[in-house]
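Q: One structure, as structure tokens, below. Some questions next.
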Amino acid sequence: MTRESINISVGIFVLIGILCLGYLSIKLGKLELFGGDHYRVSADFDSVAGLKSGASVEIAGVEVGRVDGISLDPNQTGRARVHLKMRRGVKLQEDIIASVRTRGIIGDKYVLLKPGGSDTVIGAGGSIRETESAVDLEELFSKFVHGQLD
């Protein structure tokens, strides 16, 4: 083999390695280049302390979406609006309940959806009306220490 053919072989090998590394990064990082097959809904909470964009959305322990963003309610009600990106095949009933939960004692926050019994389905751009906010452990502990726990 000539030096030129060795250089070409090494170049092709490096290029294939870079392409494989890029593919694995996209797949393992759950990055979507072309938008994916999702729809968006929102839910308003009194408190989303510790919840971050990118957190998982689960039904019965199965991931069915991700938190797409968190903002203040545009109606200035002092509530947090959580935007959820749901997989296209997941149907959310009108009376579904969304709650912010903690994975373990000091784990990450995620959104748990408890299905309802309604036949009406929330469509893309819809809103989940029933929500339960996150339990603020610092506030609860403070009330316990100061004897204000009911």
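Q: List the lysines whose alpha-carbon lies under 18 Å from that of residue 114, not counting same-chain residues fewer than 8 positions away?
A: Cα-Cα hits under 18 Å: 85, 91.
Q: When ranked by the protection proxy of mean other Cβ atoms within 10 Å per residue, highest first, what sequence do the peptides 14-27, 107-120, 82-95 form? If you can, show how the numbers build up before the last one.
A: Numbers: 14-27: 10.1, 107-120: 14.4, 82-95: 16.4.
The densest-packed peptide leads the list: 82-95, 107-120, 14-27.
Q: Related question: Which residue, 11, 125, 50, tops the fluctuation ranking in a GNM of the chain built on C-alpha contacts under 10 Å?
A: 11
Q: With θ set to phi - 60°, apply the Karplus curve 6.51 cos²θ - 1.76 cosθ + 1.60 along the range 62-67 and write out the HN-Hα couplings as whole Hz, x wherever there is a Gly or Pro.
A: 9, 5, 10, x, 9, 6
Q: Follow-up question, since we're still on this one. Counting only DSSP beta bridges with both residues in the range 1-143, what percent are antiparallel, rounded to the nearest 5?
A: Values: 27 of 34 bridges.
Here the share of antiparallel DSSP bridges comes out near 80 percent.
Q: What do you get for the angle between helix 3-28 and the principal long axis of the chain? Use alpha-carbon atoms, 0 to 90 degrees, nearest ten.
A: Here the helix axis deviates by roughly 10 degrees.
Q: Is the shape of the range 1-139 best called rounded, prolate or oblate, per the rule: a/c under 1.5 gives rounded, else a/b larger than b/c gives prolate, else oblate, with a ≥ b ≥ c the square roots of the Cα gyration tensor eigenvalues? Present the calculation step by step, with values, prior to reporting the outcome.
A: Details: a/c = 3.07, a/b = 2.33, b/c = 1.32.
Cα axes put the range 1-139 in the prolate bin.
Q: Which one, 26, 43, 55, is farthest towards the positive end of the dipole of the range 1-106 when Lys and Arg carry +1 and Asp and Glu -1 on their Cβ?
A: So the residue we want is 26.
FYI, it's all coordinate maths here, none of it is from the lab. Given the structure is predicted, the values throughout are model-derived calculations rather than measurements. Every residue, glycine among them, receives a Cβ derived from its backbone with ideal geometry; neighbour counts consider all protein chains shown.
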